[in-house]
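Trainee: This is the structure I want to talk about, given as structure tokens.
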Amino acid sequence: MDDKAPSRNSADAADPEKVTDSSSLESDQPISNPALEATVWRKLDMWILPIVTLFYLLSFLVRRDRTNIGNAKVAGLTEQLKMTPKQYSIALTVTYVPYIAAELPSNLLLKTVGPNIMLPAMITLWGVVTTAQGSVKSYGGLLACRFMLGLLEGGVFPGIVLYLSFFYPRMRLQTRVAGFFSAASISGAFGGIMAYGIINLNGKAGHSGWQWIFIIEGVITIFVGFVSFFFMPASPDDARFFNDEEKSYVRSKLKEDGAIQDDEALDGFSWKEVGKAFTSIHVIITGIVFFFGGVVLYSLAYFLPVIIVSLGYTAAKAQLMSVPPFSVAFVLTMVTSYLADRYQRRGAVAIFASFLAIIGFAMWLGTENPHVLYGSLFFSVPGAYVIAPAVATWNANNSAPQIRRATAIAIGFIMTNAGGILATWLLGSLSPPPRYLMGTRLLLAFSVLMGAFTVVNMVYLTRENRKKAETRKTTTRTAEAPGLGDKSAWFVYST
């Protein structure tokens, strides 16, 4: 983690013209204390990140079955339940309806209910439903389980991003988001290895190999969810691992960064703030990037084992062959996120990711050599996974106060999962194996559009920052109207 990140005011960090007017300084601005600075972020990284990373690892691996339903399909799910390719796509799609419906309400309720209660509760209940999914005997039973999984999981990813923003300033957020999101690529690698081993349980206790995938992963999830109730603090002020000085320091850093307000009323619920998020231009543009990124990400997450089987590998070998591309995705996600936090360049990372995906899909379309086709996955898979934490952090960085930020985060993931609906059909019934030509052409086009809209957003945010810099020359922070949030001249957008 970058514990050497600058501790300047966010406006100073993003604009060369340092704000010098004394009225703009917060009375509780943290005094420079390198030892305390290193201690508080290290403690948070030790106590908070492992929990949310494990949540998301299990989420991607188990709950919404992004990874394990692909592994289960290879292990005989569709054959035993006598499912057609169309029914398999419906089984994937049905999860998204309640998932999307739950995202915004869940994020708006997170702070009120308490993330230390809400997130572990959703995790535990997912585990119960996932375990039950391992005992379904019919297509209808599978659909029912998947509907409940979507309803329970809808708030997890946006909830975790919002939860981390309660603890980390903007300049430190992407590395931490990448830290837990990298669990998605780990789950792809680990899920393949785990499924390879679990398949060998086929026939044990009257259950097929694909059923054991759901049962074992579900039981693990229940255990993690239950234990997490005892370890998650609701906020820095509730963190038992902080002393009073450390709590005060973190709170002052969050105030300095604009993550929390001096006037606590400004952080309360307001439908007006919800509406402002829906009408913010940068939230809309980022939402479009989320949609295209969601199509690319979920297409690969759902179908990668099946794609590898289409190259001529056995079902068991395909599970193992999915590990290397996901491993490369993990490394690149962490490296690019570290650089994005260090240099505050979210958009540049998103553009790099879109180029990786473009190269991968172009390679797939340009050859029929199975070795080159497999090699293309080392570009497309990392491209899909690198862009997600960059755009998620970018979206969270550029919205304030808390309700506006919570809404913006939820909008982003609603768009991601809207893209996921298309993904469930793209490489299935609409684009048959082994070449998946129509689907791959669309994924290539969407990768180009990811990069194009990222550039549009960078241009817009840069222009807005210039306007804010001019405003700061002619006014003071105390003279500015209260409650502007990210529209304040002293709130500098991350580009």
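Trainee: Probe radius 1.4 Å, ligands and nucleic acids ignored: give me the carbon and sulfur share of the accessible area of the stretch 208-248 as a rounded percent.
Mentor: 67 percent
Trainee: Give the peptides 102-109, 51-58 in descending order of average Cβ contacts within 10 Å, highest first.
Mentor: Result, highest mean first: 51-58, 102-109.
Trainee: Using a simple spin-label model with points 7 Å from Cα along the Cα→Cβ vector, what separation in nm is obtained for Phe229 and Ala35?
Mentor: It works out to 4.0 nm between the two label points.
Trainee: Based on the Cβ-Cβ distance of Ile117 and Tyr460, what FRET efficiency does E = 1/(1 + (r/R0)^6) give at R0 = 41 Å, to the nearest 0.05?
Mentor: 0.60
Trainee: Then there is this: Could you tell me what percent of the accessible area of the stretch 357-495 is made up of carbon and sulfur, with a 1.4 Å probe and every protein chain present?
Mentor: Ligands and nucleic acids excluded, carbon and sulfur give 70 percent.
Trainee: Now a separate question. Of the peptides 236-248, 433-445, how do they stack up when ordered by the mean number of other Cβ atoms within 10 Å, highest first?
Mentor: Numbers: 236-248: 14.6, 433-445: 17.9.
In decreasing order of mean packing, 236-248, 433-445 become 433-445, 236-248.
Trainee: Okay, moving on. List the pairs from Lys276/Lys467; Lys111/Lys473; Lys43/Lys467; Lys272/Lys468; Lys111/Lys468; Lys272/Lys473 whose alpha-carbon separation is above 26 Å, in the order I gave them.
Mentor: In this structure, Lys111/Lys473; Lys43/Lys467; Lys111/Lys468; Lys272/Lys473 exceed 26 Å between Cα atoms.
The values are calculated or read from the model by the stated rules, or taken from the named source; none is laboratory data. This is a predicted model, so every value here is computed, not measured. Because the Cβ atoms are built from the backbone with ideal geometry, glycine has one as well, and the counts that use them run over all protein chains shown. What goes into the accessible areas is simple: the full protein's heavy atoms, side chains included, and nothing from ligands, DNA or RNA. Shrake-Rupley method; radii C 1.70, N 1.55, O 1.52, S 1.80 Å.
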